[in-house]
Every structure is written in C-alpha cells, then in structure tokens.
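To keep things clear, I will list the structure first and then write my remarks on it.
The values are calculated or read from the model by the stated rules, or taken from the named source; none is laboratory data. These numbers come from a predicted model, not from an experiment. FYI the Cβ positions are ideal-geometry reconstructions off the backbone, even for glycines, and counts take in every protein chain you see. We work out accessible area using only protein heavy atoms, side chains counted, and drop any ligands, DNA or RNA first. Shrake-Rupley method; radii C 1.70, N 1.55, O 1.52, S 1.80 Å.
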Amino acid sequence: MGYVLKIKKLAKHEWKTTKARTYVNDTDGKPVLEKEIEAPALVWKWFASPVEPTLEALFEKYGYWCSTHKDNWCIVPQ
C-alpha cells in the first residue's frame, strides 16, 4: 500500500467553453458590446502525485510544499 498527494487546482476543461465580452460606453453612456471572445472554461480538478511507499517518503518529497500551501490538497492511501 502506498500514498499519493492529491492537489486541487484550476484547469482548462476539455470541451466546455465560455464567452468573455468587453463592453464600452457609447456617446449616450449606454454600454455597447465591443468584442466577444470564446475561451476554455476553467474547472477545479484533482491532480495526483506518483505513489510513494510510506507517509514518511511522501512528506520527505512534498513536506515543504504542504507546509506552505494550507488549502486544496489531501493525502490518499492507494
């Protein structure tokens, strides 16, 4: 049995997209669409480290990173 470090971070979705719109004010002060671009949607995704045989080995490799990043990670037995 080993352990992995799982990290939750934002990643581009494989097929979902979103539209980003830029508006400007015309002479009357009303907003007018200037341009619209399509961008990949961002989603929260879990990424896993390679399997380490013991917790000590896992913390030896990733301990400093875990101590400086307090959120969005967990350790999972495999």
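Below, the figures for the structure above:
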quantity	calculated
LYS12 being open to solvent by 60 Å² or more (accessible area, probe 1.4 Å), of a type outside the set (S, T, N, Q), at pLDDT below 90 and under 29 Å from LYS70 (Cβ atoms)	yes
Every residue from the stretch 67-78 that is more than 16 Å from the chain's Cα centre (by Cα) and open to solvent by less than 80 Å² (accessible area, probe 1.4 Å)	SER67, THR68, ILE75, VAL76, PRO77
Tally, over the stretch 18-58, of residues that are open to solvent by 100 Å² or more (accessible area, probe 1.4 Å) and over 30 Å from MET1 (Cα atoms)	11
Which listed residue is without any contact (Cβ under 8 Å) to a residue 24 or more places away in the chain and among the hydrophobic types (A, V, I, L, M, F, W, C), from ALA48, ALA20, ALA11	ALA20
